[in-house]
Amino acid sequence: MRGSKRGPSSLARFVLWHVSMTLRPFFRQLFDADSSTYTYLLADEETREAVLIDPVIEQVDRDLELLKELGFRLVYALDTHVHADHVTAAGVLKERLGCKTVLSERAGSVRADLLVKDGDRVPFGRFALEVRETPGHTNGCLSYVMEDQLLAFTGDALLIRGCGRTDFQGGDSRTLYRSVRGKILSLPAGTVLYPAHDYKGRTSTRVSEEKQHNPRLGDAKSEDEFVAIMAGLKLPNPKKMAVAVPANLECGVPAPPPAVGRELDRGWAPVILTPAGVPEVSPAWVHANKNDVNVIDVREPDEYRGELGHIAGASLVPLATVSAAASAIDAQKPLVVVCRSGGRSGKAALWLAERGFARVASMAGGMRAWNAERFAVDYGSPQAAVPAHQG
């Protein structure tokens with residue numbers, strides 16, 4: 001019994017260390033000097049599946065060569081947010097290697113292959129990254145955390161002894177403070193944090209360091225103090241912002257012109273086009289006119305019946321099934337597409353518009369915005385797959 005109080009023996013500690021090391025992914029930190037951007041390569045050395053976080057277009061040849069040399073197969077190119085200081089290489093990597101592009105569903109992009117939300121997993125081989133929504137620098141900021149919580153990739157939400165600015169792209173200082181304190185600095189003290197940028201040659205930090213030493217977001221700073229600090233920064237806009245933001249909404253590759261379809265009709269509702277070209281209507285308009293439009297919900301069945309509920313009478317058509325269901329949807333009646341935050345519905349609305357649905361729009365902000373307006377929701381099972389043609 002005395003031995004049980006001493007903790008693991010030297011041999012046991014060695015075995016535990018060996019197991020943890022053998023289960024760690026391959027890791028490489030890469031750097032673009034022009035934008036001071038870090039790109040991260042993670043891979044499973046057994047299955048050879050890999051992911052790249054925040055790839056930069058000017059470095060795409062470097063990344064392609066490295067993947068080829070190491071024999072890795074890229075399965076996902078992930079962006080932590082829609083960057084304003086460089087253009088992503090995600091779309092080019094997709095074209096060259098067939099990987100999928102990943103962005104937050106709140107980023108405003110309809111071109112990413114995978115629009116993710118808080119709690120989603122991005123798998124590669126035996127490993128996976130947990131998605132944590134950390135808005136505040138932009139509305140669609142994400143942090144990616146290894147499932148063992150040994151590593152976290154924080155984008156611009158948390159930098160080393162700093163953080164991303166909050167004065168454009170839907171930024172909000174109070175939101176960023178709560179994101180960082182609740183989703184990043186709540187990780188174990190030893191979690192190693194890797195930001196999207198550093199301008200002083202530093203490569204990483206730890207949760208314990210930032211809680212103690214971050215002059216903006218450390219434990220010593222209150223939310224009001226942080227808001228005051230951010231309001232006083234008065235920074236100039238990034239030089240590439242006008243080019244980078246619209247390009248990154250398209251994953252770095254200009255969208256091809258629609259192969260089919262006709263001119264979008266915007267006279268049936270107060271339709272607004274987003275910077276990505278998505279037609280949107282407000283939740284208030286949908287609430288007032290829901291009996292005069294078809295509403296399809298492109299979330300998954302568990303979300304449709306989940307905590308946010310759904311609009312009564314909305315048909316469930318998960319995003320992956322929209323193309324197959326399109327022929328059964330009445331193209332003559334106005335169509336409103338709904339999801340959680342507006343990302344997936346925007347993707348579906350644009351796809352439908354390009355294929356002849358002239359009176360179609362995404363509901364801005366999705367069911368999160370609908371609930372924020374305190375409109376009634378239903379929690380039952382769907383009664384019909386799609387609104388069918390009449391006659």
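Side notes on the structure shown:
- Ser109 meets each of the listed conditions (1) in contact with a Gly (Cβ under 9 Å, 6 or more places away or on another chain); (2) part of a strand (DSSP E or B) apart from (2).
- Condition met for Pro195 (closer than 23 Å to His81 by Cβ and either surrounded by fewer than 21 Cβ atoms within 10 Å (Cβ to Cβ) or under 22 Å from the mean Cα position of the chain (by Cα) (or both)): yes
- Test result for Arg359, buried (at least 23 other Cβ atoms within 10 Å of the Cβ) and at pLDDT 90 or above: no
- Selection status of Leu67, part of a strand (DSSP E or B) and either touching a residue at least 12 places away in the same chain (Cβ under 8 Å) or closer than 23 Å to Pro279 by Cα (or both): no
- Conditions (1) small (Gly, Ala, Ser); (2) crowded, with 24+ Cβ neighbours inside 10 Å; (3) within 18 Å of Val253 (Cβ to Cβ): number failed by Ser143: (3)
- Candidate set from the range 108-126 (those that are under 9 Å from the mean Cα position of the chain (by Cα) and more than 20 Å from Leu352 (Cα to Cα)); member that is surrounded by the most Cβ atoms within 10 Å (Cβ to Cβ): Val116
- One residue alone among Thr88, Thr134, Thr154, Thr138 is in contact (Cβ under 8 Å) with a residue 12 or more places away in the chain, assigned by TED's automatic domain parsing to the domain that holds Val192, more than 13 Å from the chain's Cα centre (by Cα) and crowded, with 18+ Cβ neighbours inside 10 Å, and that residue is Thr88.
- The set of residues from the range 31-43 being part of a loop (DSSP other than H, G, I, E, B) and surrounded by fewer than 19 Cβ atoms within 10 Å (Cβ to Cβ) comprises Ala33, Asp34, Ser36.
- Condition met for Leu176 (at pLDDT below 95 and under 18 Å from the mean Cα position of the chain (by Cα)): no
- Filtered residues of the range 200-220 (kept if outside any helix (DSSP H, G or I) and in contact with a Leu (Cβ under 6 Å, 6 or more places away or on another chain)): Thr205
The values are calculated or read from the model by the stated rules, or taken from the named source; none is laboratory data. Values in this document were obtained by computation on a predicted structure and should not be read as measured data. We place every Cβ from the backbone using ideal geometry, glycine too, and count neighbours over all the protein chains shown.
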